[in-house]
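One structure below.
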Amino acid sequence: MVRLISYLVGLAFVGVLAIALFGTVSSAISNPAAETAEEEFHLHPHDIGLSSNGFFGRFDNRQVQRGFQVYKEVCAACHSLKYVAFRDLAEIGYSEAEVKAIANQWVIEQPTINPETGEAATRKNVPSDRFPSPFPNEIAARAANNNALPPDLSLMTKARHDGVNYVHALLTGYRPQPAALVREFPGAKTPAGLHYNPYFANLNIAMPPPLTSNGQVAYADGTNATIDQMARDVSAFLTWTAEPKLGARHAAGIATLVFLLIFTFLCWGAYQNVWRDVKH
Amino acid sequence: MSFPWAKQYEPKQPLMRWLDEKLPLPRLVYNAVGAGYPVPRNLNYFWNFGVLAGLALTLQIVTGIVLAMHYAANAGVAFESVEQIMRDVNAGWFLRYAHANGASMFLLVVYIHIARGLYYGSYKAPREMVWLLGVVIFLLMMATAFMGYVLPWGQMSFWGAQVITGFFSAIPLVGESIRIWLLGGYAPDNAALNRFFSLHYLLPFVTAGVIILHIWALHIPGSNNPTGVDVKGEQDTVPFHPYYTAKDGFGVGVFMLVFAALIFFSPNLLGHPDNYIEANPLSTPAHIVPEWYFLPFYAILKSFTADFIIPAKLWGVLAMFGSILLLFFLPWLDSSPVRSANYRPKYRAFLIVLLFDVLLLGYVGGAEANARNVILGQIASAYYFAHFLIILPMVARSERPRPLPNSITEAVLEKHGGTSPAKTALA
């Protein structure tokens, strides 16, 4: 009885799948899926090899600081960094006084209320504040950006596939739309107000090229600020903002693996010793 | 319970004797995982995974309880509270990565544990109850893992909850009402997040309870073994302690090495980047995919694309739940008296096909739904159901098993080059 029911249920599922399979195959033959512009022209980022990669990877504080400078002078005009506080900058090598100065001189002030009147006001940033958003709210951000919302950058390198390399590739990937693309897909011409970038998922990004000329940022440490260098540095900075504990994590990981290797080896020895007289 | 030659607990110290009279807890432990539990001597490394699953659950409960001290189950602040755990809580990043990857490790060892049971016939008499309770544990784990994935309130959390609760709307007539009742609203929001958190905290303890029943049921017939042959006498077994505690210690070491490598060096390998974007009901991700451990079932769901009597969506949901629920009937679908696939050449071949079939389903579940992948998924789904519901009952009747060893000890000695009665008889 169990067997009969089982055959019937099995045949029902297999039968329905066979019908579905027939439908899939016949529709695939009658109208094969045409390749889209995204499939043909989308590019994958290449590895930029940051010092934070690998088992022993650590942040290169000088590079992360340069990246912070790029964020401050270029990205911060539109992009918030809402999960990072000024005090966190101490982790990338700024002294307490420097952190205080950076917070104090930050152009956008912290929203607060006037203690006398209760009306909305702003005050200077202090180290315990998180980075203030450049726009008071989403509507203001969209209004200022052709209805596009500049995403928060705190977690950007973890919120995209291959995020670290993606940020670098995107920042250096702006180019004129290939003539072949427009010829092949006349409907896929980059609309006005958007910018062609083959590293962006749908090829057309609202953000105008942020890094446009060598030397756009005058690095405090004298490094030559090419577009590629600035893109690398800001990728390193955003790796840090997304994963500030990376250095501690790698260090703890090495210690843990060494401990566990010794532990496992000793356990293996105990296992062999206990079983030495028993065939199994 | 247990075999007549099992060692008896004999407390020597007066304190332990006193305790044994009042509350024989040490006796219980001694008989469960101590020298009082005789276990077949020929278990291979696949028998390590039960203990590893228990360890994984324990680690999940420990890290989860501490995380719950810092997490805020409110749709307005849940995502931010997770970021605060990552940035401002002492070792918070470690707790969260250990918990997120711990779920993957738990499911991984449980899948190997289930595969072990399928290969060596551990679901067969007299261990049907062990298997049934195991399927209950698996269902509880799946529910817990799903609800846990919703808690960070990222894009995949939100849209995963949307898709999975959407299954219930496939039920005719009352489906939509049930979905709204389960969610506490028309879409996942604060009400859903709060109840998921509550249940995510509750279910692991229910799971722990069912695990106790699972082990209790196991200890009545005792453990299966790679030959599938019953224990015949004392020479076939060794006491659990120290033999298998020592072996499990080594297994735990290897498990922890893999786990640590994930936590410390690739903590986001198994996660989806979209879950680092806060939940946004107005923006649907390009591809909504569940965590890796649900992908085979997701592929089955997606494979039903044809309306036949009932809508395709209902077929998909029925098939997806059916693919797990059919495991409850396995002990009665497979009527072969031989347990181990080592002595069942046909069953073994089909089982290996099933293993690759499930891996293929996993690939299809995560891949883009183009024609090629949908076709692969439909064929693989058909094999999955055919394997359990048609092939298995047929094979059990038609197959001629290879000769079984007379006892576990004979099989062991034969492996080590000794002569055996079976060999002698053949010669």
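The values are calculated or read from the model by the stated rules, or taken from the named source; none is laboratory data. Owing to the predicted nature of the structure, the values given are computational and were not obtained by experimental measurement. Virtual Cβ from ideal backbone geometry, glycine too; neighbours counted across all protein chains shown.
Restricting attention to the stretch A:110-127, which residues are in contact (Cβ under 8 Å) with a residue 12 or more places away in the chain and in a loop (DSSP other than H, G, I, E, B)?
A:LYS124, A:ASN125, A:VAL126, A:PRO127
Hey, could you check the stretch B:1-18 for residues that are of a type in the set (A, V, I, L, M) and either at positive phi or not in a helix (DSSP H, G or I) (or both) and say which is nearest to the chain's Cα centre (by Cα)?
B:MET1
For every residue, the table says whether it meets (1) over 30 Å from B:LEU392 (Cβ atoms); (2) within 11 Å of chain B (Cβ to nearest Cβ); (3) not acidic (Asp, Glu).
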residue: A:ALA12; (1), (2), (3): no, yes, yes
residue: A:ASN31; (1), (2), (3): yes, yes, yes
residue: A:ALA34; (1), (2), (3): yes, no, yes
residue: A:PHE41; (1), (2), (3): yes, no, yes
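Would you call A:GLY93 in contact with a Lys or Arg (Cβ under 8 Å, 6 or more places away or on another chain), more than 13 Å from every other protein chain (Cβ to nearest Cβ) and surrounded by fewer than 18 Cβ atoms within 10 Å (Cβ to Cβ)?
yes
Quickly run through the stretch B:210-231 and pick out the residues that are within 19 Å of the chain's Cα centre (by Cα) and either in a loop (DSSP other than H, G, I, E, B) or under 13 Å from B:ILE61 (Cα atoms) (or both).
Of everything in the stretch B:210-231, those that are within 19 Å of the chain's Cα centre (by Cα) and either in a loop (DSSP other than H, G, I, E, B) or under 13 Å from B:ILE61 (Cα atoms) (or both) turn out to be B:SER223, B:ASN224.
Name, by its number, the condition in (1) in a helix (DSSP H, G or I); (2) small (Gly, Ala, Ser); (3) surrounded by 14 or more Cβ atoms within 10 Å (Cβ to Cβ); (4) over 20 Å from the mean Cα position of the chain (by Cα) that does not hold for A:ALA76.
Status for A:ALA76: all satisfied but (4).
Answer yes if at least one residue in the stretch B:324-335 is acidic (Asp, Glu) and either touching a Cys at 6+ places or on another chain (Cβ under 8 Å) or farther than 20 Å from A:PHE22 by Cα (or both), and no otherwise.
Within the stretch B:324-335, one or more residues are acidic (Asp, Glu) and either touching a Cys at 6+ places or on another chain (Cβ under 8 Å) or farther than 20 Å from A:PHE22 by Cα (or both).
As an exercise: evaluate B:SER303 against (1) over 25 Å from the mean Cα position of the chain (by Cα); (2) in contact (Cβ under 8 Å) with a residue 24 or more places away in the chain and give the number of the one condition it does not meet.
With respect to (1) over 25 Å from the mean Cα position of the chain (by Cα); (2) in contact (Cβ under 8 Å) with a residue 24 or more places away in the chain, B:SER303 is out only on (1).
How about the stretch B:19-70: which of its residues are in a loop (DSSP other than H, G, I, E, B) and surrounded by 15 or more Cβ atoms within 10 Å (Cβ to Cβ)?
B:GLY34, B:ALA35, B:GLY36, B:TYR37, B:ARG41, B:ASN42, B:LEU43, B:HIS70
Which residue, of B:GLY233, B:GLY185, B:GLY228, is exposed (fewer than 15 other Cβ atoms within 10 Å of the Cβ) and touching a Ser or Thr at 6+ places or on another chain (Cβ under 8 Å)?
When all the criteria are applied, what remains is B:GLY233.
Considering only the stretch A:244-280, state which residues are in a loop (DSSP other than H, G, I, E, B) and within 8 Å of chain B (Cβ to nearest Cβ).
Within the stretch A:244-280, A:PRO244, A:LYS245, A:TRP275, A:VAL278, A:LYS279, A:HIS280 qualify.
With respect to B:PHE356, determine if the residue is within 14 Å of another protein chain (Cβ to nearest Cβ) and either under 20 Å from A:GLY15 (Cα atoms) or surrounded by fewer than 23 Cβ atoms within 10 Å (Cβ to Cβ) (or both).
In short, no.
Any residue in the stretch A:210-228 that is in the same structural domain as A:CYS78 (by TED's automatic domain parsing) and in a helix (DSSP H, G or I)?
Within the stretch A:210-228 (the criterion being in the same structural domain as A:CYS78 (by TED's automatic domain parsing) and in a helix (DSSP H, G or I)), the answer is yes, since at least one residue qualifies.
Hey, among B:TYR149, B:TYR123, which residue is within 30 Å of B:PRO285 (Cα to Cα), touching a residue at least 40 places away in the same chain (Cβ under 8 Å) and crowded, with 23+ Cβ neighbours inside 10 Å?
Unique residue meeting the criteria: B:TYR149.
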